[in-house]
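Report on one structure; see the data block that follows.
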Amino acid sequence: MLATIDPTTNKCIRGCCFSATIPLALPSYTLLGPIARGSESTVHEAYLSDGRRVAAKKPFLPTSDHLDKFHRELQLLCSLDHPGLAKMLAAHAKPPNYMFFFEMYESRNLAEKLHVEEWNPEIECALGLAIQIGEALMYLHNNGILHRDMKPANILLDRNLNPYVADFGLALYKKDLRSTSVENWRSSGKPTGGFHKRNMVGTLIYMAPEILKKEMHTEKSDVYSFAIMINEILTGVVPYTDLRAEAQAHTVLEMNYTEQQLTAAVVAEGLRPKLTELETGAPLNLLKLISKCWDSDPLLRLSMDDVVKELKTIMLICKKEASINNHSCSFNDTNDIFDKKVGLHDKSVNLRSFQEDLNWYSQGERKSNITDHVTSQKYEMWPQSLHEHPIYKPKLAFGSFATCGRRESMEDTHFLLPEFCKEKDIHIFGIFDGHRGAAAAEFSARALPAFLQMSGSTKGPKQALTEAFLKTDVAFREELAFQNNAKRILQKNWHPGCTAVAALIVGSILFVGNAGDCRAILCRSGHPCSLTKDHVASDPAERARIMNEGIEVKWQVDTWRVGAAALQVTRSIGDDDLKPAVTAEPEISETLLSSEDEYLVMASDGLWDVLSNEDVISIIRDTVKDPGMCSKRLASEAAERGSKDNISVIIVFLRPVSTAERIY
Ligand SMILES: Nc1ncnc2c1ncn2[C@@H]1O[C@H](COP(=O)(O)OP(=O)(O)OP(=O)(O)O)[C@@H](O)[C@H]1O
Ligand SMILES: [Mn+2]
Ligand SMILES: [Mn+2]
């Protein structure tokens, strides 16, 4: 044991730091080689006189300001006591040596663990880390302290990978914040630039927009950094890159963004790291929590108390679900009954067993090429007059995003084919939403453009588009029958299908073909215009049409459904058990584009189930005007609002976006 502490003498040289439990002037210790270098200190391996191995943090103290800061940090450290904080065991606060002695945490810091060892914790483990780190931060906040430097490099890990919040170099009592001017804060070496470049970028990515704008730091700024860090634990990649290895990631980051550009993108454009995906098994509520906590508006972020509460609830649900998946059959049984009754969701296990043999994408490609004997012919796409000298020429920028959402399998597909067949003014985009498996959607994504190209050589755009839908449907059903006869499909009575929406731009004319419940809207002068109508059994006209064709439509479970298969949609590609009533014939809208037309949004029903046309427009209004980012934002918003389906979104901007529109 170290000598007992005499509180009257256990003080720093100035007498401003004192403690009844932590010795502040160590008469003897052994300092070994450095184990790490921070931007403000070197950390050495060291031994106390009682033989304990510790980490000695030796700060750089080039000026008297730095010395003041040392004393402030020491005062703070003396007052801290929480199991989730790096524990200071002793200090030396007398010239010429100023040093903090901490408990030695064996398993490196979290940044190294993630990006050097490429550690990939299971979801429950990640949640556990988040809760422990969260509780430590909550303790600080509840004691009036802001950490101001939350990042994985400042989370230390012990042998059992328990996390400890460390590095109080920037920590402050909130009450002292007002007196710490921006000047002071800058001189602390954080965002001054040119100081340790790697540390710079490494720190910048955790800084909340308000901090980047040099506004006051609050608890919510720590919450922001916390959210960035939790997402980093889940994705395993360095924020704003897709790389795990830190050194490379920082090089890429610096290549992609200067400090100013990254700052501008985060502040003005709402840029955030790529949110971890649902497919990785991260619960939706956790994703919600993360995006809420890195909101641009600090007031919309949760407090650490609420974050921890929410994390604990998520953990509980996670554990419950794991135990259900492990033992309970009764849950699956009810699902089975529902599936049989509704007939829609084939068990994904069954699906996989035969989908391994058949690649429906390549079947679609093959089939669409051999059906017409014109493959060697050169295609002339529509009279040149249509698109050669249009009155108005839209300027396109497009992007898409697709996610499996809460479903077990992905049955949506889509394609983006700008400058179709090398024609400068012809573009085509499509989304297919599969049901009873992904086969029809995968087949159609390849076959439909090929059929369109063929029909386009002889027919006008509108007719060619209709033909493309119909030919795709016939080809798919033929292929399915062929594969059935060849006994390459194991499942009896399998009738996969998909809904489809395709947008074709020829010069200044936009044609949208739709069969089923995907939807396309056009934003014109800030208002949504529907370009499609949903073909669902709840639509009286569609219902009447189906019944006229002799197929029963019944109210089942929650809505009108078609035939024994209980399909909700009344038009689709495939679904050979319901043909010809459930037709593949699309309804086609034709729109002359003008400078008032801003963008086109196409999406599968997973999006429209939870977002109205107006919602979509208003979300895009608040998002940086990048079509990929907008697509993703819409999909995540839909997921957040509880969509249970696959979600695919395509956005096509039809005119250039001004700089002003990029910033909201
Ligand atoms: N108690 C400890 N046990 C093991 N390693 C430690 C300990 N304290 C610090 N380190 C290592 O030293 C590194 C730097 O420590 P710390 O963050 O406290 O220094 P700093 O100079 O304030 O760094 P920066 O401000 O650049 O984050 C840590 O990331 C960690 O790898
Ligand atoms: Mn640090
Ligand atoms: Mn520091």
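For the residues ILE647, ILE426, what sequence is obtained by ranking on other C-beta atoms within 10 Å, fewest first?
Values: ILE647 32, ILE426 23.
With the sparsest Cβ surroundings first, the list reads ILE426, ILE647.
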Would you work out the charge dipole size for segment 29-103 about its Cα centre, treating the Cβ of every Lys and Arg as +1 and the Cβ of every Asp and Glu as -1, and quote it to the nearest 20 debye?
-> 120 debye
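So between ARG159 and ASP305, what do we pick up on full extension, going 0.36 nm a residue minus the alpha carbon distance? Don't jump to the answer; show the numbers that get you there.
Details: separation 146, 0.36 × 146 = 52.56 nm, distance 2.75 nm.
Here the answer is 49.8 nm.
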Report, ordered by chain and residue number, the lysines lying within cross-link reach of LYS487, taken as a straight Cα distance under 28 Å and ignoring same-chain residues fewer than 8 apart.
-> LYS340, LYS341, LYS347, LYS367, LYS471, LYS579
Relative to the present Cα-Cα distance, how much length would full extension add between ALA247 and GLU277 at 0.36 nm per residue of separation?
-> 8.4 nm
Per-peptide average of other Cβ atoms within 10 Å, ordering 571-583, 438-450 highest first | 438-450, 571-583
Farthest toward the dipole's positive end in segment 445-543, which of ALA481, ALA502, GLY526, given Cβ charges of +1 (Lys, Arg) and -1 (Asp, Glu) about the Cα centre?
-> ALA481
In the structure displayed, which of LYS213/LYS288; LYS395/LYS459; LYS288/LYS533; LYS393/LYS644; LYS424/LYS462; LYS274/LYS422 lie more than 29 Å apart, Cα to Cα?
-> LYS288/LYS533; LYS393/LYS644; LYS274/LYS422
So for the pair SER409, SER457, with labels modelled 7 Å out along Cα→Cβ, what separation do we get in nm?
-> 3.6 nm
Please work out the Cα center distance from segment 1-61 to segment 403-479, rounded to the nearest Å.
-> 69 Å
The farthest towards the positive end of the charge dipole of segment 29-103, of the residues LEU74, HIS92, TYR47, given +1 on Cβ of Lys and Arg and -1 on Cβ of Asp and Glu, is TYR47
Put a dot 7 Å past each Cα toward the Cβ at SER28 and GLU587; how far apart are the dots in nm?
-> 9.1 nm
Quick one: Debye curve from the alpha-carbon atoms of segment 29-103 only, equal weights, vacuum; give me log10 I(q)/I(0) at q = 0.22, 0.25, 0.26 Å⁻¹ to two decimals.
-> -1.07, -1.31, -1.37
Length released on extending from GLU321 to LYS644, taking residue separation times 0.36 nm less the Cα-Cα span | 114.6 nm
When the helix-only estimate is applied to the chain (DSSP H runs of n ≥ 4, each -39,500 (n - 2.57), divided by the residue count), what is the mean residue ellipticity at 222 nm, nearest 500 deg cm²/dmol?
-> -11500 deg cm²/dmol
Spacing of the two label points (7 Å from each Cα toward its C-beta) at GLU419 and ARG524, in nm | 3.0 nm
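All of the numbers you see were taken from the coordinates with simple rules; none came from a lab. Just so it is clear, the structure is predicted and the values come from calculations on it, not from any experiment. Cβ: placed from backbone, ideal geometry, glycine included. Neighbour counts: every protein chain shown.
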